[in-house]
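J.: Structure provided below as structure tokens; questions to follow.
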Amino acid sequence: MDPNPHFRPVALAHASRLINHGPTVLVTSAAGGQRNVMAAAWSMPVEFDPPRIAVVIDKHTWTHALVQAGGGFALCLPGTALVDLCFAVGQVSGRDVDKFARHGLQARPGPVLGMPVIEDGCAAWLECRRIAEPHTEQAYDTCFAEVVAAAADERIFRDGRWHFDEANTALQTIHHLGGGRFVRPGGTLQAGG
Ligand SMILES: Cc1cc2nc3c(=O)[nH]c(=O)nc-3n(C[C@H](O)[C@H](O)[C@H](O)COP(=O)(O)O)c2cc1C
């Protein structure tokens with residue numbers, strides 16, 4: 001499929017800003033000709049250079065198996081228009097159903113690893129290479145990864161910054177409060193002046 005014309009590459013030095021404010025993300029994965037998507041509320045930047053992130057991926061998920069096999073994943077940031085989709089893909093396993101087919105999800109291969117990146121309805125994506133940490137991965141569900149490519153819809157993220165306003169509410173990131181209830185950024189405050 002064609003890239004979304006509104007998407008622009010994000011400098012890796014700014015990649016941390018895409019998830020610094022705690023959006024719920026879609027974790028997409030691919031290996032051996034199969035692909036999958038799940039929701040994750042728990043992700044965060046952990047290092048600037050190289051840009052590294054952590055995301056909690058329960059060991060029982062199919063995503064975990066595909067990330068181990070495929071060596072990476074993408075974090076795609078759904079906008080408010082995808083809130084139902086985001087919740088739905090967080091409640092069933094790709095072991096039982098092809099979630100891309102069920103929801104008519106369009107994705108294209110990311111530029112470095114070929115992980116599925118979803119652009120329509122999303123504000124941004126980060127393509128990430130798994131960092132193998134056998135001890136951590138055995139003891140915890142936390143997965144560390146290096147961001148190898150990132151892009152964002154210029155209508156909401158440009159010049160290395162988020163721009164939330166009334167014109168882009170459909171693309172604004174969603175933040176899980178629990179039980180399928182989400183909040184979107186309701187306003188911005190500028191410190192220092
Ligand atoms: C809003 C929401 C947030 C979630 N956050 C996480 C998370 O941070 N980590 C996680 O392991 N599972 C999380 N889940 C659960 C997974 O998305 C769920 O287990 C999913 O069905 C796994 O799919 P899979 O087996 O196809 O990989 C969340 C679910 C929802 C609905």
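Each value in this text was obtained by applying a stated rule to the coordinates, not by laboratory testing. Just so it is clear, the model here is predicted, and its values are computed rather than measured. Ideal geometry is used to build each Cβ from the backbone, glycine not excepted, and the neighbour counts take in all protein chains shown.
J.: So what is the relative contact order of the chain, in percent, for Cα pairs below 8 Å that sit 6 or more residues apart?
T.: Relative contact order of the chain: 27 percent.
J.: Here's a follow-up. Projected area of the chain, taken from the Cα convex hull and averaged over every viewing direction, in nm²?
T.: In nm², the orientation-averaged hull projection of the chain is 11.2.
J.: By how many nm would the segment from GLN190 to MET1 lengthen if fully extended, with 0.36 nm per residue of separation less the alpha-carbon distance?
T.: Net length gain for the segment: 64.2 nm.
J.: Could you run the Karplus curve 6.51 cos²θ - 1.76 cosθ + 1.60 with θ = phi - 60° over segment 167-174 and give me ³J(HN,Hα) per residue in whole Hz, x for Gly and Pro?
T.: 3J(HN,Hα) across segment 167-174, in whole Hz: 7, 10, 4, 5, 9, 5, 5, 10.
J.: What FRET efficiency do you get for ARG108 and HIS175 if R0 is 25 Å and r is their Cβ-Cβ distance, rounded to the nearest 0.05?
T.: 0.45
J.: Compare VAL97, VAL83, VAL67 in a GNM of the chain, Cα atoms joined below 10 Å, and give the one with the largest fluctuation.
T.: VAL97
J.: When ranked by the protection proxy of mean other Cβ atoms within 10 Å per residue, highest first, what sequence do the peptides 35-41, 158-164, 110-116 form?
T.: 35-41, 110-116, 158-164
J.: In a Gaussian network model over the chain where Cα atoms closer than 10 Å are linked, find which of THR28, THR169, THR80 has the largest mean-square fluctuation.
T.: Checking each option, the largest mean-square fluctuation is seen for THR169.
J.: Evaluate the relative contact order of segment 1-115 (contact order divided by residue number), counting alpha-carbon pairs under 8 angstrom at least 6 apart; express in whole percent.
T.: With pairs under 8 Å counted, the relative contact order is 29 percent.
J.: Could you work out the helix-only [θ] at 222 nm for the chain, with each DSSP H run of four or more residues adding -39,500 (n - 2.57) and the total divided by the number of residues, to the nearest 500 deg cm²/dmol?
T.: -3500 deg cm²/dmol
J.: Something else: For the pair ALA81 and ALA167, how long in nm is the line joining their label points, each one 7 Å along Cα→Cβ?
T.: In this crude spin-label approximation the distance works out to 1.6 nm.
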